[in-house]
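Data block below; observations after.
What follows draws every value from the coordinates through simple rules; no lab data is involved. Fair warning: this is a prediction, and the values are worked out from it, not measured in the lab. Heads up, the Cβs are rebuilt from the backbone with ideal geometry, glycines too, and the neighbour counts pull from every protein chain shown.
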Amino acid sequence: MAVFKRAKSGMPAAKSDLSVILLEGRDMIEQVGEAHGERWGLGTADSWAVDQAAGIIRWTFTDKTADAPVQILGSFNASASTWLWAWANESVLPDLRTDSERVRAWAHANGHTNLAQPKIGADAQSAATLAAIAFRVTGATGFYRGPGATITTFMTFGPVTITTSEGESETFTINASH
């Protein structure tokens, strides 16, 4: 069963449909967020952390943990009012930049060179817009906005393994139709 619907199949539409891609991305983020929230509590964890070497994000709750493979899209620096794509961020390991590199390639291929700049002046709304476009372009099935003191990290993630405090585990996967 598909969690969300898309107007078109395959990769997102070309340049003239950027507004459609944005709307689809926002809708997809909302829908996958609701599905993950209902199933295992996305957005309610006591803490979260990314292990870049392992390529995993972990959310910790009082009675369970949830782990998933992670990709970093980019980060928003509220103090500097900038968005930095992960592909341009040397503190992000190369294996965690794949989704952001896909967005850059798509932007170049479709004439959106403004989306392929390493650092972009942005406010919180602009950062959310860039993340929604990136989410749609990558076709990811999980999205997380990792809060920080001044830096917010935007990530995609895959299947989530939920492990209870008793050691029982199961994996939650969203089947996104393309």
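Per the helix-only calculation at 222 nm, which mean residue ellipticity applies to the chain, given -39500 (n - 2.57) for every DSSP H run of n ≥ 4 and division by its residues, nearest 500 deg cm²/dmol?
-9500 deg cm²/dmol
At most 12 other C-beta atoms within 10 Å and a DSSP loop state: those are the exposed trypsin sites (Lys or Arg not before Pro) I care about. Give me the longest piece of the chain that has none. With a cap of 12 other Cβ atoms within 10 Å, the longest stretch comes to 9-178.
From most to least packed by mean Cβ count within 10 Å, the peptides 29-37, 120-128 give 29-37, 120-128. From the alpha carbon centroid of region 112-133 to that of region 13-55 is 16 Å.
Placing unit charges on the Cβ atoms of the charged side chains and taking the dipole of region 15-172 about its Cα centre, the candidate lying farthest along the positive direction among Phe135, Ser165, Ile56 is Phe135. Here region 38-147 is treated with +1 on each Lys and Arg Cβ and -1 on each Asp and Glu Cβ, and its dipole about the Cα centre works out to around 280 debye.
In terms of its C-alpha gyration tensor, region 15-172 comes out prolate, because a/c is 1.5 or above and the ratio a/b outweighs b/c.
Each of Thr98, Thr171 was scored by other Cβ atoms within 10 Å of its Cβ. Arranged with the fewest first, they read Thr171, Thr98.
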